[in-house]
Structures are given as structure tokens and as C-alpha cells.
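Structure first, then comments.
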Amino acid sequence: MTDACRKEISDWWNLSRTGANASLLHDRFLQVANGDENENHPEARRKLFDAMIQSLVQSKDVYAAAYQRQESALKDLKSKGLFSTDGRMVIGLGGENVLETGLTLNHTYGTPLIPGTALKGLAAHYCNQAWGAADDRFKLGGEYHQAIFGSTEDSGHIIFYDAWITPESLVGSLQPDVITPHHGEYYSKGLTAPTDFDDPNPVTFLSVVGTFCVAVSCDVPGPDGDEWAEKVFELLSDALREWGIGGKTNAGYGRLVKVDREREGIPEKKEGRPSPLKREDPDARVKDAPIAPGSIKKIPKYRKGDIVEVTKVPDPNERRGAAYFRADDGLGGLVVLGTPPSVEIGQKTQLQINGVMEKEGLYNFAAIGAKKEPTHKPRDGRRRR
């Protein structure tokens, strides 16, 4: 930025000290050059942050109308809900900006925002790591993962919308925060070892608190698409609650929890696996689309007596103490004969097929070498009188 331009900004600043778009203020209205070491730099940051916080008061009415329009566009979605920050949240901390610390804001209204791309990335990573540990089809590259999030050849079926902050929680949503690195020389250059005598260097930034409207949808029309959208919404809810989103999640930032469902008028989630995704448009390119979850019936690969490699997974019916294993063809079952192998969830072992239930798509497993006990005890040979 030229000195002449900076002078004009400083003159405007001294006259008004106000603005209605926090995003514009954040990107353009720092009074001193970035990296300027003069003593007014911390004060300039403080004035900038104060102006951003105050700008939300002026933009509230305009933003409320925009939020109502956005809400009307999503009114028919069942897979949506309100999420409140459990503490602080900061998204875009490392983004390029005039300060050392960034913040993602709605470019048009200057309000806090969670980008849909960030929500999709979080959900995809959580699906692979958490749900994929119990079912390989949810792992990266798996059948379900590709259908939801897509691949390099085709996009997924699920749409992740930007999460807008509610107008009721807008004012006061930007909060002053601070990071205090103690070993700057060590982190930046690595030439000297960190010691207790290093000077702390407080770095101020803005974090976010508030309530956000999170929504997803499926591009497959009809009940099947709605059911899958609700399933992915459940996945995203788990990820926001357990992992958090944005920066500094290891320090507890970014956790969001679901607001009371009864207050939103949203029905409780359905249990079990959703129906297969089926494109209803006869002209749709089904051949080029990702494999739809459940669209191919699993055919047992093994027969009774085969010894197979299996993975221990959580029991889908949640029977307490049940030892449930899944073979590499996707079919699973319980160990009904012998003692189940002592392995943890996600670990592999070997079992013998004791029975095949093709209609149910299940196996009965047996420990290798286990023998079935006779139903009746042998008689001692003496004739009863």
C-alpha cells in the first residue's frame, strides 16, 4: 500500500473510527504497515479489532434480511440444525492478510462464517478415521466414502452449505483473543535452544463465538436422498462435537454442539443404514456416477469350512460383549463356536466359516480348531429298570 493511500485511510480513521463491514476493515484499514516495529503498532491492531467488533452492530439489520433469504432457500431441508460454539472458534487463522493472524468472514456482509469446503473437509477426514475404523466402506477410497465425498473422476452426492451465523448471536460474536509464544527465536530460526529466560511475545487476534446454521443436502431426489443427507448430517455433527473445526483445535478451539432438537422442530434421527441411492432421472449418467451405497447386494464369497482373514468391528446391533467380525467381502457375523480371538477393534485375525446365511447377508464364525460339543451326553451302557 502506498504512503498516500495510507494517509487517506488514516485521515478517514481519525474522523470516523467506524465501518459496517468487518471483512473490509480487517483487510484494508490497518493504520501502519504490516511488520512496522514502531510503538504504535499494537495500538493500531487494538483500534482495528475494536472497529471490527463495533461494525457488527451496524451491519446487523442488513445481515438479518440476508440470513432470512438464506434460511428460506434451505427451509425444506431436514438435514440441518443450529450449532453453538463450545468455547471459541477461529477459522482462517493462517490465511493471507494484513495482520499476522487471519479470520474467515463473509466477504459481502463482514460476518463470521464457516465455509462449506471446511465442513466437507472435516467430515471427509472424520469419516475416514472414525467411521472407517468400524467399516472399511467409509474409509478413503471406499464405496460409501466415494459416494458421499466423490473422487477425482466424479463429485460426491452430498452438498455442504456455508454455515451462516444467526442474527441473534451476531453482535458480540467477535472476541479479542491472544497467543503468547515464548520462544520466538527458537521457532523462527532454530539457532538457539529455548530457555526460561526467553521473552514472551503476545500476539492478539479475534476469535468467534455464536450459533451457526449447518446444513447438507443430497443431489439424489426423493426419500432415499433425504435419508442419506440425514446420515451425513449425523456424521458432520459427530465431527464438530468430537474434533472441532478451524485452527487451534488441539487447544480446545472449534468445538460446536447441537442446539436442542425440539426447539428446532427437527425429528429425531433414524436408526440403521439408509436405503440405496437411486437416480430417478432416466437421462442421468448412472454409469459414470460413483457407486451408490447399498445398490449392489453382497454375495457371500466363502463357504462353510473356509478359513478367512477377518477384522474385528463394533457390533452393528450393539449387543453388549458381542465379538463381531467382518470378512474382506464385506459380510460379518458373530463367533458362535469356540472362544473369540482376543483382539481390539480394527485388528485382523483368522476365523473359520461355521455357517452362511445368504438371505441375511451374514456369516457364523468359529474359532479355528473349535469342535462342536455333542447335544446329549453318552450313556454309560447300563440299562435302566
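The values are calculated or read from the model by the stated rules, or taken from the named source; none is laboratory data. Bear in mind the structure is a predicted one, so any value in this text is a computation, not a measurement. Here the Cβ positions follow ideal geometry from the backbone for every residue, glycine too, while neighbour counts run over all protein chains shown.
When the residues of segment 219-250 are filtered to those that are of a type in the set (A, V, I, L, M, F, W, C) and part of a helix (DSSP H, G or I), which remaining residue is farthest from residue 118 (Cα to Cα)?
Ranking the qualifying residues of segment 219-250, first place goes to 228.
What tally of residues in segment 105-131 results from selecting those that are assigned to a helix (DSSP H, G or I) and of a type in the set (Val, Ile, Thr)?
Number satisfying all stated conditions: 1.
Count, please, the residues in segment 326-357 that happen to be in a loop (DSSP other than H, G, I, E, B) and under 13 Å from residue 369 (Cβ atoms).
3
Hey, can you tell me all the residues within segment 195-220 that are within 19 Å of residue 76 (Cα to Cα) and either polar (S, T, N, Q) or without any contact (Cβ under 8 Å) to a residue 60 or more places away in the chain (or both)?
217
Which one is modelled with the lowest pLDDT among residues in segment 102-113 that are buried (at least 18 other Cβ atoms within 10 Å of the Cβ) and of a type outside the set (S, T, N, Q)?
The extreme case among them is 102.
For segment 132-155, give me each residue that is part of a helix (DSSP H, G or I) and touching a residue at least 60 places away in the same chain (Cβ under 8 Å).
Those that are part of a helix (DSSP H, G or I) and touching a residue at least 60 places away in the same chain (Cβ under 8 Å): 133, 134, 136, 137, 143, 144, 146, 147, 148.
Among the residues of segment 169-181, which ones are at pLDDT 80 or above and either at negative phi or touching a helix residue (DSSP H, G or I) at 6+ places or on another chain (Cβ under 6 Å) (or both)?
Answer for segment 169-181, where residues must be at pLDDT 80 or above and either at negative phi or touching a helix residue (DSSP H, G or I) at 6+ places or on another chain (Cβ under 6 Å) (or both): 169, 170, 171, 173, 174, 175, 176, 177, 178, 179, 180.
Just for segment 307-325: of the residues that are closer than 19 Å to residue 130 by Cβ and not in a strand (DSSP E or B), which one is modelled with the highest pLDDT?
313
Table: residues versus (1) among the polar types (S, T, N, Q); (2) touching an Asp or Glu at 6+ places or on another chain (Cβ under 7 Å); (3) at positive phi; (4) buried (at least 17 other Cβ atoms within 10 Å of the Cβ).
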residue: 83; (1), (2), (3), (4): no, no, no, yes
residue: 88; (1), (2), (3), (4): no, yes, no, yes
residue: 94; (1), (2), (3), (4): no, no, no, no
residue: 100; (1), (2), (3), (4): no, no, no, no
residue: 115; (1), (2), (3), (4): no, yes, no, yes
residue: 120; (1), (2), (3), (4): no, no, no, yes
residue: 143; (1), (2), (3), (4): no, no, no, yes
residue: 146; (1), (2), (3), (4): yes, no, no, yes
residue: 164; (1), (2), (3), (4): no, no, no, yes
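Here are 104, 108, 180: which of them is of a type in the set (Ser, Thr, Tyr), farther than 15 Å from residue 235 by Cβ and within 22 Å of the chain's Cα centre (by Cα)?
Among 104, 108, 180, only 104 is of a type in the set (Ser, Thr, Tyr), farther than 15 Å from residue 235 by Cβ and within 22 Å of the chain's Cα centre (by Cα).
For segment 177-187, check the following and say yes or no: at least one residue is assigned to a strand (DSSP E or B) and aliphatic (A, V, I, L, M).
yes
Yes/no per residue for (1) closer than 13 Å to residue 307 by Cα; (2) surrounded by fewer than 18 Cβ atoms within 10 Å (Cβ to Cβ); (3) out of contact with any Gly (no Cβ under 8 Å at 6 or more places or on another chain):
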| position | (1), (2), (3) |
| --- | --- |
| 336 | no, yes, no |
| 342 | no, yes, yes |
| 345 | no, yes, yes |
| 364 | yes, yes, no |
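Name, by its number, the condition in (1) surrounded by 15 or more Cβ atoms within 10 Å (Cβ to Cβ); (2) part of a loop (DSSP other than H, G, I, E, B) that does not hold for residue 76.
(1)
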